[in-house]
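Q: Here it is, the structure in full.
The values are calculated or read from the model by the stated rules, or taken from the named source; none is laboratory data. It should be emphasised that the depicted structure is a prediction, and the values quoted were computed from it without experimental measurement. No Cβ is skipped: glycine too gets one built from the backbone with ideal geometry, and neighbour counts run over all protein chains shown. Calculation scope for accessible area: heavy atoms of the full protein, side chains included, ligands and nucleic acids excluded. Shrake-Rupley method; radii C 1.70, N 1.55, O 1.52, S 1.80 Å.
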Amino acid sequence: MKNQLDLTAQIIECGILRYTPAGIPVLDLVLKHESWQEENGQKCLVKFELPAKIIGEQALQWQCRKNDMVEVKGFLAQRSQRFPKPVLRIQNIQEYKG
């Protein structure tokens, strides 16, 4: 089964860097996307905000980067056992150079 997301977005919220009990860095973000897409032969403006999470060394590099435009690749997963709403788990993030 496929679960891959490739997205260009702006970081609108950047959480405080934290660590798992195993010492792995974790950074929570909120991404904002806006683009024109074609659907059923018509152009439509798409806007949304998406919670995201970076786990590992990349989390160290992206703390305090609010308002940066980025390209991210990752997959959707539930936030936690108690909260089934999706969060983007970022596997790769880089500055957007549009």
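Q: Of everything in segment 14-69 that's part of a helix (DSSP H, G or I) and without any contact (Cβ under 8 Å) to a residue 40 or more places away in the chain, which residue is least open to solvent (accessible area, probe 1.4 Å)? Can you show your working first?
A: Looking only at segment 14-69, we keep the residues that are part of a helix (DSSP H, G or I), and these are 57-62.
Retained after the next criterion (residues that are without any contact (Cβ under 8 Å) to a residue 40 or more places away in the chain): 57-58, 61.
Numbers: Glu57: 124, Gln58: 50, Gln61: 116 Å².
Checking each candidate, the answer is Gln58.
Q: Which ones in segment 70-93 are open to solvent by 90 Å² or more (accessible area, probe 1.4 Å) and over 11 Å from the mean Cα position of the chain (by Cα)? Don't jump to the end; show me each part of the working.
A: We begin by selecting, within segment 70-93, every residue open to solvent by 90 Å² or more (accessible area, probe 1.4 Å); these are 73, 79, 81-85, 91.
The answer is Arg79, Gln81, Arg82, Phe83, Pro84, Lys85.
Q: Scan segment 66-87 residue by residue and report those that are more than 15 Å from Leu31 (Cα to Cα), of a type in the set (D, E, K, R) and modelled with pLDDT of 95 or more.
A: Residues satisfying the conditions do not exist here.
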